[in-house]
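The values are calculated or read from the model by the stated rules, or taken from the named source; none is laboratory data. Remember, predicted model here, so these are calculated numbers, not experimental data. FYI the Cβ positions are ideal-geometry reconstructions off the backbone, even for glycines, and counts take in every protein chain you see. Please note that ligands, DNA and RNA were not included when accessible areas were found on the heavy atoms of the full protein model with its side chains. Shrake-Rupley method; radii C 1.70, N 1.55, O 1.52, S 1.80 Å.
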Amino acid sequence: MQLSPAHHDERLTAPRSWWGIAVLVGLACALMLLPLGTLPLLAGLVGGAALSGLLVSSYGSARVRVVNGALAAGDARIPVAALGEPEILDAEESRAWRTYKADPRAFMLLRSYVPTAVRIEVTDPSDPTPYVYVSTREPEALAAALRAARGQTV
C-alpha cells in the first residue's frame with residue numbers, strides 16, 4: 001500500500017529498557033512475597049510484571065498521525081489549516097522547548113525518551129493555544145506530511 005505524501009503514522013513506543021524495568025518490578029514483587037510461599041511468590045511475579053508492563057505499554061502507546069487533513073497527536077485532532085509552518089527541533093532545541101522556552105498554554109505531546117520534535121504555530125486566531133509541540137523520531141517526515149497536507153487543503 002502506497003501512502004500519500006500527506007500521510008504520516010508513528011507510534012511513540014517506550015524504550016526497551018523500560019520493559020526490562022517492568023520485569024524487575026515483577027521480580028521485586030515476587031521477592032517481597034517469598035516468605036509467604038511459592039504460590040504468593042508466583043502471583044507477585046506475574047501480577048507485578050503484568051501491572052508494570054501495562055503501565056509501560058499505556059504510556060508508550062501515543063500515536064502521531066497526519067491523515068485526512070488533520071494532525072492527530074495523542075487524543076488531539078487539529079486541522080492542518082489551523083497550523084502554520086512546522087519547525088524541526090533537534091535534541092538541544094527540543095529540550096529547550098520542553099523546559100525554559102515552554103508556554104503553559106501550548107499543546108504538548110512529549111515523550112522524554114524521544115530526543116527530537118516538531119513545533120508548529122497555531123494560526124487560528126480563535127484558538128488560545130500558541131503552538132503544538134510533538135515528540136517524534138521522524139521530524140523531517142512529519143514536517144513534510146504536514147506541509148503536503150496543508151498544500152492539499154489550501
- Item | Residue that is surrounded by the most Cβ atoms within 10 Å (Cβ to Cβ), among those in the stretch 5-64 that are part of a helix (DSSP H, G or I) and touching a residue at least 40 places away in the same chain (Cβ under 8 Å) | V56
- Query: Among (1) free of Cβ contacts under 8 Å to residues at least 40 places away in the same chain; (2) more than 16 Å from G74 (Cβ to Cβ); (3) out of contact with any Gly (no Cβ under 7 Å at 6 or more places or on another chain), which single condition is R147 missing?
  - Reply: (1)
- From the residues in the stretch 71-83 that are free of Cβ contacts under 8 Å to residues at least 40 places away in the same chain and touching a Lys or Arg at 6+ places or on another chain (Cβ under 9 Å), which one is most open to solvent (accessible area, probe 1.4 Å)? G74
- Within the stretch 97-138, the count of residues that are of a type outside the set (K, R) and closer than 22 Å to P15 by Cβ comes to 17
